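*Asks:* I'd like to ask some things about the structure below.
Just so it is clear, none of the values below were taken in a lab; they were calculated from the coordinates. Treat the numbers as computed from the prediction; the structure is a model and nothing was measured. Note: ideal-geometry Cβ built from the backbone for every residue, glycine included; neighbour counts use all protein chains shown.
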Amino acid sequence: MKKLLLVATLAAGVAFAGNTNTGCGLGYMVWKGQQDSLVKQVLAVTTNGISGNQTFGITSGTLGCEKPTKIASNDKLNNFVRDNLDKIALDSAKGNGEELKTLAKLMNVQNEAEFSAKMQKNFDKIFASDNVTYSQVIDNIAKYAL
């Protein structure tokens, strides 16, 4: 009986991994398309937890997981944007400036003029609120200026 329960739990866990509540993994694969109840989501998470497969899925891009495009973060970029957020915002609003040039170099931008123009054009999207964080700004730059 315990084996049957374990198999059922593992099977249930696989389907819900791709659900926003449970993520990807074996649970997502088993319960794919049946993620409509709390019980099935719990089974999906349990399956993922017992099998420890989400790490493999994420690093390999399998089991319903998306493989990240970056292996590590760019600490120089993160630190620069965090420390110079206001100056980058001012340069972006103008469409030029030293901080914007440095940012382009740290982001390996080939066409600095085009990058600066996109930063200016998409200023309201990149600096979406007064409380925007540096990591949100970096994500928004990748989305709207690269």
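*Asks:* If I stretch the segment between Ser37 and Asn21 completely, what's the gain in nm (0.36 nm per residue apart, minus their alpha carbon distance), one decimal?
*Replies:* Numbers: separation 16, 0.36 × 16 = 5.76 nm, distance 1.12 nm.
Result for the pair: 4.6 nm of gain on full extension.
*Asks:* From the backbone phi of the range 90-104, what are the Karplus-calculated ³J(HN,Hα) couplings (6.51 cos²θ - 1.76 cosθ + 1.60, θ = phi - 60°) in whole Hz, Gly and Pro given as x?
*Replies:* 4, 5, 5, 5, 7, x, 6, x, 4, 5, 5, 5, 5, 4, 4
*Asks:* Which of the peptides 135-141, 110-116 is most tightly packed, and how do the rest follow, judged by the mean count of other Cβ atoms within 10 Å per residue?
*Replies:* The packing order, highest mean first, is 135-141, 110-116.
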